[in-house]
Amino acid sequence: EDKVVQSPLSLVVHEGDTVTLNCSYEVTNFRSLLWYKQEKKAPTFLFMLTSSGIEKKSGRLSSILDKKELFSILNITATQTGDSAVYLCAVESDLWGGSEKLVFGKGTKLTVNP
Amino acid sequence: DGGITQSPKYLFRKEGQNVTLSCEQNLNHDAMYWYRQDPGQGLRLIYYSQIVNDFQKGDIAEGYSVSREKKESFPLTVTSAQKNPTAFYLCASKRSGQGGYGYTFGSGTRLTVV
């Protein structure tokens, strides 16, 4: 059974702190790993990772994938209250018939206090 | 603007009643998905469809049914057989050939059984 595990499940920090969110996975036909930010409604795309060791960066957020150890991390530096959200890690894997699906972890709820 | 429209945003149902959640997309995407989200559980796949008139069960299909009579539409019916229907339901679609970048999510429907 495909599985994605995120840790921690919940995190409370102060503005300006740096946080690291973890995601490990076990899937049979890995295609890519995705990070999303969810604030009560539709998840918002952050990163897609397919190759090991190549850091993706967008402003204060960055992410990297290790395909040998089957995990990824999402870093957020200089956190702001607007970073408060649930961060979802998902792995895209193959379905029967040639299509794909996303397998999600439970998410990390990040709360940034002023 | 292209996107996915889910309706209604909030839905209340009495126990024993069937209810249908709407999902419409004007992105010309072939694949469509229904996910269920419970607090602390992440997103779990209910049903998916690769093409018109074809759909497959996901990981938690019991108590749900779908149809795909048009490319644009993928309604989800929550039947009385679903024991714990109170949840947040997300519809997604995917453009072929874009890998993980290709997913678009609706804004969700929050279903409450009263």
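Do the conditions hold for residue A:73, that is, is it free of Cβ contacts under 8 Å to residues at least 24 places away in the same chain, more than 13 Å from chain B (Cβ to nearest Cβ), touching a strand residue (DSSP E or B) at 6+ places or on another chain (Cβ under 7 Å) and not in a loop (DSSP other than H, G, I, E, B)? Walk me through it before giving the result.
Numbers: free of Cβ contacts under 8 Å to residues at least 24 places away in the same chain: no; more than 13 Å from chain B (Cβ to nearest Cβ): yes; touching a strand residue (DSSP E or B) at 6+ places or on another chain (Cβ under 7 Å): yes; not in a loop (DSSP other than H, G, I, E, B): yes.
No, not satisfied.
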Point to revise | Lone unmet requirement of (1) within 13 Å of residue A:4 (Cα to Cα); (2) at the interface with chain B (Cβ under 9 Å from one of its Cβ atoms) for residue A:31 | key: (1)
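Under the condition of being among the aromatic types (Phe, Trp, Tyr) and out of contact with any Leu (no Cβ under 6 Å at 6 or more places or on another chain), which residue from segment B:75-101 is surrounded by the most Cβ atoms within 10 Å (Cβ to Cβ)?
Pass one, segment B:75-101, residues among the aromatic types (Phe, Trp, Tyr): B:88-89, B:101.
So of that shortlist, the ones also out of contact with any Leu (no Cβ under 6 Å at 6 or more places or on another chain) come out as B:88, B:101.
Numbers: B:88: 16, B:101: 12.
Taking the candidates together, the pick is B:88.
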Review point. Since residue B:50 meets every condition but one in (1) surrounded by fewer than 18 Cβ atoms within 10 Å (Cβ to Cβ); (2) within 14 Å of chain A (Cβ to nearest Cβ), which condition does it not meet?
Key: (1)
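Right, residue A:27: out of contact with any Pro (no Cβ under 8 Å at 6 or more places or on another chain), closer than 24 Å to residue B:91 by Cα and surrounded by 13 or more Cβ atoms within 10 Å (Cβ to Cβ) or not?
Values: out of contact with any Pro (no Cβ under 8 Å at 6 or more places or on another chain): yes; closer than 24 Å to residue B:91 by Cα: yes; surrounded by 13 or more Cβ atoms within 10 Å (Cβ to Cβ): yes.
It is true that residue A:27 is out of contact with any Pro (no Cβ under 8 Å at 6 or more places or on another chain), closer than 24 Å to residue B:91 by Cα and surrounded by 13 or more Cβ atoms within 10 Å (Cβ to Cβ).
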Exercise for review: Could you figure out which of (1) under 14 Å from the mean Cα position of the chain (by Cα); (2) within 14 Å of chain B (Cβ to nearest Cβ); (3) surrounded by fewer than 16 Cβ atoms within 10 Å (Cβ to Cβ) isn't true of residue A:51?
Suggested key: (1)
Practice item. Among the candidates B:72, B:62, single out the residue that is more than 16 Å from residue B:108 (Cα to Cα), of a type outside the set (A, V, I, L, M, F, W, C) and loosely packed, with under 15 Cβ neighbours inside 10 Å. Key: B:62
Check your understanding: Which of the residues spanning segment B:10-43 are surrounded by fewer than 19 Cβ atoms within 10 Å (Cβ to Cβ), among the charged types (D, E, K, R) and at pLDDT 95 or above?
Key -> B:24
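One line per residue, one yes/no per condition, for (1) at pLDDT 95 or above; (2) part of a strand (DSSP E or B); (3) out of contact with any Asp or Glu (no Cβ under 9 Å at 6 or more places or on another chain):
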residue	(1), (2), (3)
A:52	no, no, no
A:68	no, no, yes
A:87	yes, yes, yes
A:103	no, yes, no
Check your understanding: Somewhere in segment B:3-14, is a residue over 30 Å from residue A:9 (Cα atoms), away from every other protein chain (no Cβ under 14 Å), not in a strand (DSSP E or B) and not acidic (Asp, Glu)?
Key -> yes
Point to revise | Every residue from segment A:54-101 that is within 15 Å of the chain's Cα centre (by Cα) and basic (Lys, Arg) | key: A:56, A:57, A:60, A:67
Point to revise | residue B:104 being in contact (Cβ under 8 Å) with a residue 12 or more places away in the chain, out of contact with any Cys (no Cβ under 9 Å at 6 or more places or on another chain) and either more than 11 Å from every other protein chain (Cβ to nearest Cβ) or surrounded by 22 or more Cβ atoms within 10 Å (Cβ to Cβ) (or both) | key: no
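The values are calculated or read from the model by the stated rules, or taken from the named source; none is laboratory data. The structure displayed is predicted, hence computed values, not measured ones. A quick note on method: Cβ atoms are made from the backbone with ideal geometry, for glycine too, and the neighbour counts reach across all protein chains shown.
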